Every structure is written in structure tokens, then in C-alpha cells.
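The values are calculated or read from the model by the stated rules, or taken from the named source; none is laboratory data. This is a predicted model, so every value here is computed, not measured. Every residue, glycine among them, receives a Cβ derived from its backbone with ideal geometry; neighbour counts consider all protein chains shown. Heavy atoms of the whole protein, side chains included, go into the accessibility calculation; ligands, DNA and RNA do not. Shrake-Rupley method; radii C 1.70, N 1.55, O 1.52, S 1.80 Å.
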Amino acid sequence: MTIGISDIAFATAYQVLDLQQLADAQGIDVGKYYIGIGQSEMSVPFPDEDIVTMGADAAAQIIARHGADGIRTLLFATESGIDQSKSAGVFVHGLLGMGERCRVVELKQACYSATAALQFALGIVARDASEKVLVIASDVARYALDTSGEPTQGAAAVAFLVTADPALLEIEPVTGLHTDDIHDFWRPNYLSTALVDGKYSLAAYLGALEGAWGEYRSRGGAAFADIARFCYHQPFTKMAVKAHDRLCKVAGAELDKEQRLAQIAASLQMNRRTGNSYTASIYVGLLSLLERDEADLAGERIGFFSYGSGSVSEFFTGVVRPGYRELLRTARDAATLDDRVAIAHARYRALHEAVDAVQGSDYETAAETPGPYRFAGVVDHVRRYETRG
Ligand code: CAA
């Protein structure tokens with residue numbers, strides 16, 4: 001039996017800040033962002049958007065095509081959870097009118113947890129081939145204003161359906177793992193913005209890649225030369241370039257700069273415009289690769305490196321199924337990025353500061369998002385969501 005991803009859908013926040021705006025406000029050359037870290041824009045949520053509205057937006061596209069019948073598990077992966085106890089997935093389950101016979105749970109391990117969700121989903125389907133698992137990865141990446149992480153912020157969600165005999169991508173069984181108890185990036189319960197040791201986090205990411213790749217190979221994983229494309233966790237797209245350079249070196253692959261870039265370039269295009277989306281980022285990268293790579297990838301193997309600070313990481317592979325292009329929502333996803341409302345630096349900054357101001361109190365949000373679902377506010381400490389009429 002083959003198991004993997006049958007469908008995958010994308011959503012992001014409905015506002016966008018061009019990093020030129022940020023560079024101008026900081027009085028620096030935008031080349032540091034456009035070229036140095038490889039980011040051109042960041043998605044910025046309206047006050048009535050969050051991980052639930054973005055996750056529902058992505059998942060609704062899957063439900064519209066396949067129906068909710070038979071989805072007995074919903075796994076919601078996030079770093080930016082909105083409740084310490086209740087899964088954000090239960091809110092999505094309610095918004096989408098899914099049936100009662102469904103287990104719903106939230107998973108956390110920084111940016112890695114969507115890959116944990118994928119692996120758990122594969123296990124559920126391996127046990128019973130009639131099972132379908134809906135995985136949602138959704139995050140709003142936030143750092144404190146005026147810190148080195150600020151230009152890498154962003155927001156996006158990806159939803160995907162894991163089934164037997166998958167139509168899009170068969171996930172292969174061999175994986176390589178690497179876990180290390182470190183503090184490269186973390187977020188204490190009392191903070192709405194992440195803490196990070198920037199330079200150390202880059203070194204930790206690259207060290208984890210070597211560890212996970214080493215285990216992958218030692219367990220009988222494919223040789224580097226048998227992998228056509230690579231898809232990395234992308235805190236900023238230049239990180240994936242650095243990672244692929246490192247992997248080529250470790251694997252002894254003698255490719256020039258252009259050849260190395262050709263193996264990852266298409267996977268970077270969407271993340272360059274959303275900014276970091278933590279758990280969703282590697283799967284935004286997968287969508288970007290499938291939608292924007294000019295080559296026919298049917299039958300080709302993709303290598304994935306998923307990294308979650310703290311840190312847990314995994315290297316695994318998937319093989320693209322014939323006919324995959326017909327399942328993609330390429331034009332829609334491009335429009336989702338193009339149609340975001342461009343905002344000025346002053347509005348971005350005011351919205352960033354407003355997040356902490358409302359913590360713990362009751363409030364209503366103004367109806368601003370043009371998206372299908374909205375966060376209406378908090379009443380008696382309960383978050384309220386609604387479908388936009
Ligand atoms: N034109 C072109 N390039 C320029 C430039 C210009 N005008 N000015 C600077 N650059 C280049 C620099 O040379 C540098 O390139 P290299 O990395 O290739 O040397 C690049 O732009 C960045 O410049 P700095 O290193 O000076 O930037 P910084 O120190 O201000 O910030 C950072 C970089 C530490 C990565 C910061 O963005 C950060 O803290 N990010 C958040 C942490 C992060 O994303 N870590 C990644 C690993 S952890 C992870 O993956 C989990 C997660 O999601 C967070």
C-alpha cells in the first residue's frame with residue numbers, strides 16, 4: 001500500500017508589507033532583505049485574522065473538493081497557539097461543520113510539528129487504509145519590533161489530506177531524525193513574540209540537517225543523486241540556499257551554484273512573499289515547488305528537511321504522482337498572494353503593538369478581513385469565530 005498526500009491547499013493573511021517599507025523606516029539598504037535573507041514581503045494578519053481563520057481558509061478548499069465524510073482525524077500543527085488547552089483545530093472543525101466522529105488535536109514543536117502530524121497521519125492510514133487524515137499547519141511568525149528577526153516575520157497556512165493511494169505525493173518510509181535540547185529559538189508562555197539567538201540558530205539548523213541526513217542514509221535512504229528536488233523549512237529563503245549548499249557538500253555532490261539552485265529555486269518563490277510561516281513553511285515550499293517548477297515532476301523524488309528549533313528535525317522523501325498538476329490550485333494561490341492589501345510601515349507597526357494591548361480582556365474586532373472566516377473577538381475569555389456573510 002502507498003500512503004501520502006492526496007491534496008494540498010494554501011492560505012495566508014490578507015495584508016502584505018513590502019520589506020522596502022521596513023528598510024526605509026530603518027534607514028538601511030533593502031538589499032539586505034531582498035538579497036541577503038532572500039525575502040521581499042511579509043504577510044500581516046488583519047486584527048480579525050489568526051491561525052484559526054487561515055487554517056480554516058486552507059482546509060475549506062480540501063473539504064470543498066473531497067467532502068468531510070471519512071475524515072476521522074484532524075491534526076493542527078502550530079507554534080502560535082491561541083489557547084493553552086483547547087486545540088485550534090476544534091475551532092476549525094466547528095467553522096467547517098465537520099462531523100462529531102472526528103478526533104482533533106494540536107501539535108507543538110516549533111516549526112517541526114506539521115511533519116510530526118504527517119508522520120502520525122501515515123501511521124493512522126497504515127493501520128486502516130480507509131482512514132483519511134486532515135493536517136493543518138498554520139502560523140503567525142512574530143518577533144519583537146526592532147530585532148534581527150523582525151524582517152523574517154510572516155503568516156500562512158497549509159492544509160493537506162493524507163490517504164492511501166495518494167493522488168499527489170507518495171511519502172516513502174525511510175526517515176532520518178535528529179533531536180537536541182538547545183535554545184536557538186523559543187517562546188515563553190508570557191511572550192507573544194519569539195526569542196532567538198539568530199546566528200546560533202543558523203548553525204543549529206545546519207548541524208541538525210547533517211544529523212538527520214546522516215541517519216536517513218544509514219537507514220537505507222535514497223542517495224543524493226536519486227533525489228531530483230529538495231524542499232527545506234524556510235525561516236527565510238536564503239536559509240534553504242545555505243542548507244542545500246551544506247547538504248551538497250556533506251553528500252559529496254559536485255554541483256555548481258546554478259545546478260544547486262535549480263534543485264530548490266521553485267520551492268522558494270511563495271515563502272519569499274509570505275515570510276516565515278513556521279510549521280507551514282516547508283509545505284508552502286512544497287506547493288511552490290509543485291506549482292512553479294517548469295519541469296514535469298511526475299515520478300520524481302523530493303527530499304524534505306523539516307526543522308523545528310529547540311530542536312527536532314527530520315529528513316524524508318516523497319515521490320510525485322502522475323497527474324499531480326491537475327490537482328493544484330496554481331492560479332488561485334498566485335491570486336491569493338497578489339491580491340493582499342498592501343499596507344504602510346506605520347500601520348504594520350501599530351498592528352504589531354496592538355496584539356499585546358488586548359491580552360486578557362474582552363473585546364470585539366472590527367470586520368476587516370476580506371477572507372471567508374473571521375475572529376470576532378473575546379467574550380468571557382472565550383474566542384469567537386464566524387463565517388463572513
Ligand atoms: N545587500 C545584499 N546583502 C546584504 C546587504 C545588502 N545591502 N546587507 C547585508 N546583506 C547580507 C549579509 O551579508 C548576510 O548574508 P550572509 O548570511 O550570506 O552572510 C545577510 O544579508 C544577513 O545579514 P546579517 O547576518 O548581518 O543579518 P542579521 O544579523 O541582522 O540577521 C538573522 C540575520 C540572524 C538570520 C536574522 O534574520 C534572524 O534573527 N532571524 C530569525 C532567526 C532565524 O530565522 N533563524 C533560522 C534558523 S532557526 C529556524 O529555522 C526556526 C525558525 O523558523 C525561526
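Worth a mention:
- Highest mobility in the GNM of the chain, judged by mean-square fluctuation with C-alpha springs under 10 Å and restricted to Val250, Val319, Val162, is found for Val250.
- Note on region 170-323: the alpha carbon radius of gyration divided by the globular reference 2.2 N^0.38 Å gives 1.02.
- As computed over region 12-115, the Cα convex hull volume per residue (Å³): 139 Å³
- Region 141-149 - phi-based ³J(HN,Hα) in whole Hz, Karplus 6.51/-1.76/1.60, Gly and Pro as x: 8, 10, 10, 4, 4, 6, 10, 5, x
- Separation of the Ser130 and Glu254 label points, Cα + 7 Å toward Cβ, nm: 5.6 nm
- Cα-based shape type of the chain, given that a ≥ b ≥ c are square roots of the gyration tensor eigenvalues and the cut on a/c is 1.5: oblate
- Cα gyration tensor category, rounded, prolate or oblate, for region 260-336 with a/c compared to 1.5: oblate
- Cα-based shape type of region 104-258, given that a ≥ b ≥ c are square roots of the gyration tensor eigenvalues and the cut on a/c is 1.5: oblate
- Accessible-area value, Val355, 1.4 Å probe, nucleic acids and ligands omitted, Å²: 50 Å²
- The Ala344 and Trp186 beta-carbon pair, evaluated with R₀ = 25 Å, returns a calculated FRET efficiency of approximately 0.20.
- Using the Cβ-Cβ distance between Asp197 and Arg101 with R0 set to 56 Å, the FRET efficiency from 1/(1 + (r/R0)^6) comes to roughly 0.80.
- Under a Gaussian network description of the chain, with springs only between Cα atoms under 10 Å, the residue in Ile171, Ile35, Ile302 that fluctuates furthest is Ile35.
- Protection proxy ranking, peptides 54-63, 363-372, 75-84, average beta carbon neighbours within 10 Å, highest first: 54-63, 75-84, 363-372
- For a paramagnetic label modelled on Ala225 (point 7 Å from Cα along Cα→Cβ), amide N atoms under 19 Å away belong, within region 284-318, to 300-303.
- Long-range HN-HN contacts of Asp184 with modeled amide H, under 5 Å: Gly310
- The GluC sites (Glu not before Pro) of region 202-308 that meet both conditions, a loop assignment by DSSP and at most 12 other Cβ atoms within 10 Å of the site Cβ, are Glu254, Glu294.
- Mean ellipticity per residue at 222 nm, deg cm²/dmol - from DSSP H runs of n ≥ 4 across the chain, formula -39500 (n - 2.57): -10000 deg cm²/dmol
- Mean-position separation - Cα centroids, region 16-63 and region 288-304, in angstrom: 25 Å
- Calculated from backbone phi, Karplus (6.51, -1.76, 1.60) coupling profile of region 114-129 in Hz, x at Gly/Pro: 5, 6, 4, 4, 4, 5, 5, 5, 4, x, 5, 6, 4, 6, 8, 5
- Under-5 Å amide H pairs with Gly81, H placed in peptide plane, nonlocal only: none
- Sequence-distant contacts, meaning Cα pairs under 8 Å at least 6 residues apart, place the relative contact order of region 170-323 at 36 percent.
- Against the criterion of solvent-accessible heavy-atom surface with a 1.4 angstrom probe, His183, His352 sort, most first, into His183, His352.
- Part-to-part distance (alpha-carbon centres) for region 315-363 and region 209-282, which is given in Å: 22 Å
- Across the chain, the mean sequence separation of Cα contacts (distance under 8 Å, 6 or more residues apart), normalised by length, yields a relative contact order of 24 percent.
- Phi to ³J(HN,Hα) by Karplus 6.51 cos²θ - 1.76 cosθ + 1.60 over region 344-350, Hz, x for Gly, Pro: 8, 4, 4, 5, 4, 5, 5
- Sequence-distant residues sharing a close amide H with Leu107 (under 5 Å, placed H): Phe76, Ala77, Thr78
- Of the listed residues Lys132, Lys199, the order by accessible area with a 1.4 Å probe, largest first, is Lys199, Lys132.
- Region 273-389 - percent of accessible surface contributed by carbon and sulfur, probe 1.4 Å: 50 percent
- Residue of Val358, Val196, Val125 that the Gaussian network model of the chain assigns the largest fluctuation, springs spanning Cα pairs under 10 Å: Val358
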